Every structure is written in C-alpha cells, then in structure tokens.
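The next block holds one structure in the form of structure tokens; read it before the comments.
Readers should treat all values here as calculations from the given coordinates under stated rules, not as data from a laboratory. Everything numeric here is computed off the predicted structure, so don't read it as measured data. In this analysis, Cβ positions are derived from the backbone assuming ideal geometry, glycine residues included, and neighbour counts consider all displayed protein chains.
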Amino acid sequence: MGRLIVISNRVSVPSAAGAAGAQGGLAVALNSALREHGGIWFGWSGQETEEFSGHLDMQRNEGVTTATIDLEAQDVEEYYNGYANRTLWPLFHYRIDLTEYDRNFGEGYERVNERFADSVYPLIADDDLVWVHDYHLLPLGSILRRKGVKNRIGIFLHTPWPPTRLLASLPFHERLVASMLEYDVIGLQTTEWLESFLHYVQKEMGLTVNLDNSIEYQGRRVIARAFPIGIDYAEFSEAAKSDVAKEAHQRLRDSVRGRKILIGVDRLDYSKGLGERFESFSRFLSDHPDMAGKAVLLQIAPPSRGDVESYQQIREDLERKTGHINGAHANVDFVPIRYVNRGYPRAELAGFYRAANVGLVTPLRDGMNLVAKEYVAAQDPEDPGVLILSQFAGAATQLKDALLVNPHSVEHVAETISRALDMPLKERKRRHAALLASVKEMDVLHWLKQYVLALSGVEKGSGALKSDGGPSAADPELAAQEESAKLGATEIAGSH
C-alpha cells in the first residue's frame, strides 16, 4: 500500500496541544495513521481570500504533512454555510422543516468540490489510498475520477443517512448519490444508516445489492459497509488520569457542595435535543420535589456555525429556556442548570465526566456520538456513573447497557433520570463493565484498521455484513486476507 491521502473540510494540525488532549479522538487517530504510514491531510484552512488562487499552504508538524487552501467569501457562504449546513446537515438529521433548497447553494457546493479536486490532484501518487470524509465532499471522488485518478478512493460519512423518501426531497438527489458510487468504499456509522443507503440505490436507482453489500455500478464494484467509529481509548483514559483531569474533577465536585451532578456535552446544534433535555430535567425536578436543590445539570455547549440563522435561533431559545427553568426551581444558593457556552480541553472534560453521577446524551438524531463513549471511559469502575443515551444515537447500537431513552418524551427521560440517580452500586458496576468492554474493543484504531483494510482492496471475497462490528468473522477467506494484510494495517493503526 502507498501513502494515505486524507481529505476533509477542515484539517486538524497536530501540535503539542494535541498530546495534551485538546484534539478530538478522530484527529488523534488520523494524525497517528499519517505519521506511521506517510501521506497528507488536505482541506480548507478556515480562512477567506478575496480571490481563489488555489495556493497550497504545505506544513509539516509533529511528523504529519498538511495541505490547506483558502476559500472566497462566496464559497464559504454557498458551500459551507449554505449547501453543507443549511441543506445536507438538516436533511441528513431528518429535519426537513429546516432544510433549505437554493440553487446558488448547490452551485457553490459543486464549485468548491471542484476546487478541492483541482488542488489535491497534483499531490496524489499512483499507489496512494485516498480517504474522503463527510457530507461536505460527497461528489469529490467522482470529480477526481474525471481527472483520471484511478487510485482506490473511499468516503466515510460521519452523519446519519436519511430514509429514501426524505432524501428524495433533495433536488438532484440521484446525481448526488450517483457521484458517490464512484468511490470504491462507502462507509457509514451503523447498519441503520447503511440499510437506508442501500434501500435508496435499490429503489431509486434500480441497482442490485449483493449479499456482501457491494453494488455493481457501471462495471465497478462498490463496497458499502458500516464502520462504527470509536474513541482513542488509550489516549482518553490517560487524559482522565492526568493532573488537569483530577483538578477539574475536584473543582466541579467542590462547587456543587454534595449535590448530584448530571452532565451534557454537545456542540450547540438542533440535532442534539438540548431543549428537550432541559425540559426533561425540569420535569424531573417538578415530579420529585424531594430532589429540589439536590441535583445540578451542567450543560457544556460550545457554539457552532454562528453565521447560520437556525443556530442563532437555537442559542436564543436555550438561553430563554434556561432562564425560565432556573427561575422556577432556583433559590438563593442554588441554580439547577449551569449552561456554559464554551469548550474545554479533553483532559478537563474527562475530569468533569468522572465527577458526574449521570451522563445525559440525548440527541434527537446522531451519526454516532462519541461523548457517550468518553463518559463511559472516564468513570471510576468502583463507583461509576450512569449513562442515559438516546435510542436515536448511533452509539445506542453498541452501548446497549446504557439506559436507552426516547429523547422526544419528556416524561420518559425524567423517569429515567430518577432511575439513574437511584440505581444501586451493583447494577451501576455491572452496566459500566459491559459498556467499558465495548468502548475498549471498538475503539478508533479498530475503526481505522477496518476501514483501511477495505479501502486497500484486501476484502475482495468479503462476506455479508453481520453486525455493526464489520464483516462476518465466519468468512475464512476474509480472515486469511486480513491476516495477509496485517503488517500493512499495523503500520497504519499501530502507533497508539
């Protein structure tokens, strides 16, 4: 196998801060893969320029080469704020009521994907593996094919994939999906999103899906598979043991003066169900007056996409709701909801997680949700907290020993909060042990290895998808192929 060329909307440049836990698990894993295997991480710099020049800013940091380009203001508005975040993001999260269809958005999306292709094309050598990430760049593979790239190219979608009838509301949806079939590997987070994708290509495009979930398209074999992403367990557990984490744990505990702590950590987004979560906590306090003044919800919600009107609206709504709930349940020395609009380094978050009696992870729809896995990894096994998890998060397919809830039901979540706070230690330990085993086994390096094995083409005889864990382990041919590829995969995934 050649180098790994990672392409995403934004690039995470490795630094000393990353080692201290400021970077996310995905960035840590991809930087690790690029250091070990060689290659380039390409994407948008996050900066705007008056006129697009295609200039590449090449840097090498901590053994990883990155290449970034600047975009024009019109590009950012139409491609990023527009088609990516006002069209595809709400649609892929089942929010058709918030989905905006604008021809200029679509044109900007295609234009920027062309600019990405023009800029990255000269960097790709003959035997490189090209790995594209997420909904911002769905058609990029087909554009690279038009330019003559014959390399193995894959895409991984970190979001859900919507049901066929929802996707069919998108103008030119057939063209968008047809462009995705120019990839060799299409990866999704769970079997649910995979089944939705395969249903679309069967019903809308009339294509045949083979038993191994491959699709024959214009003389090519395209693999579609679920590759559930995990956290870098080793890195995160080390962060949780750090002095920074211990100080954060103690600081939070001291501040609540013996009260029970519930924690939510989410990017400020309507898909996260924060309004419903606040209402559920308020209902819990109303239904359990004996808990008045005895439980605190800490909600950390860094703002995002501030240029998009729907995100401005959700921030205003949550601030109003927080004020209303606190006004109803607070007293002179107690405020039930601590709503914080800022982010924290991962080591500090690990300390906050460990201090919390309950982790509230209740998105209305989520591709995976790694906060749920981080919460589990941060707990004290001798006195663990309880994870309350939305049944509509991708993580629910793996973390079955969490308390699964319907986040749309205020009553259900409120009752589950009460159950979690009253749960005996023996049950908490049993549930946590099962959750931790899943988090450790299905970590980000397992995800990385499985995807790169597929992308490298060693799975030519792969069996049908058996579970969210990957291909059927009962397939002896696949097992032999994976064994023969072990050395190359270890080079990619073994540095952590």
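Rounded to the nearest 20 Debye, what is the dipole magnitude of the stretch 87-233 about its Cα centre when Lys and Arg each give +1 and Asp and Glu each give -1 at the C-beta?
The dipole magnitude comes to about 300 debye.
Need one number: % antiparallel among DSSP beta bridges in the stretch 100-257, to the nearest 5.
Of those bridges, close to 30 percent are antiparallel.
What ranking, highest mean first, results for peptides 352-362, 191-201 when packing means the other Cβ atoms within 10 Å averaged over each residue?
Those peptides, ordered most packed to least, come out 352-362, 191-201.
Going down the table (LYS272/LYS429; LYS272/LYS373; LYS272/LYS321; LYS400/LYS426), which pairs top 22 Å between alpha carbons? Working shown, then result.
Details: LYS272/LYS429 27 Å; LYS272/LYS373 16 Å; LYS272/LYS321 15 Å; LYS400/LYS426 17 Å.
Table pairs above 22 Å Cα-Cα are LYS272/LYS429.
Please give the charge dipole size of the stretch 233-441, origin at the Cα centre, charges +1 on K and R Cβ atoms and -1 on D and E Cβ atoms. Round to the nearest 20 debye.
The dipole of the stretch 233-441 has a size of about 340 debye.
Report the FRET efficiency, 1/(1 + (r/R0)^6), for ASP333 and ARG419, where r is their Cβ-Cβ distance and R0 is 25 Å, rounded to 0.05.
Given R0 = 25 Å and the Cβ-Cβ separation, E is 0.35.
For the chain, build the charge dipole from Cβ charges (+1 Lys, Arg; -1 Asp, Glu) around the Cα centre, then report which of GLY230, ALA125, LEU194 sits farthest towards its positive end.
GLY230
Where does the chain land at 222 nm, in deg cm²/dmol rounded to the nearest 500, when only DSSP H runs of n ≥ 4 count, each adding -39500 (n - 2.57), divided by all residues?
The helix contribution divided over the chain gives -12500 deg cm²/dmol.
I'd like the FRET efficiency for MET205 and ASP127, computed as 1/(1 + (r/R0)^6) with the beta carbon distance as r and R0 of 25 Å, rounded to 0.05.
Result of the calculation: an efficiency of 0.20.
Among THR164, LEU144, SER280, which residue has its Cα furthest toward the positive end of the charge dipole of the stretch 134-290, with +1 on Lys/Arg Cβ and -1 on Asp/Glu Cβ?
Looking along the dipole axis, the top candidate is LEU144.
Just the number, please: percent antiparallel of the DSSP beta bridges in the chain, rounded to the nearest 5.
20 percent
Excluding residues fewer than 8 places away in the same chain, name every one of the aspartates and glutamates whose C-alpha is closer than 17 Å to that of LYS260.
Output for LYS260: ASP287, ASP290, ASP333, ASP380, ASP383, GLU415, ASP422.
For the chain, give the magnitude of the charge dipole about the Cα centre (Cβ charges: +1 Lys/Arg, -1 Asp/Glu; no others), in debye to the nearest 20.
1160 debye
Considering only C-alpha atoms, what is the centroid distance from the stretch 220-251 to the stretch 351-369, in Å?
Computed from Cα coordinates, the inter-centre distance equals 13 Å.
For the modelled label position 7 Å from the Cα of ARG221 along Cα-to-Cβ, which residues of the stretch 140-156 have backbone nitrogen atoms closer than 19 Å?
Of the residues in the stretch 140-156, 150-155 have backbone N under 19 Å from the label point off ARG221.
Over the C-alpha atoms of the stretch 233-441, what are the Rg and the largest Cα-to-Cα span, Dmax, in Å?
My reading of the Cα-based Rg and Dmax gives 16.0, 48 Å.
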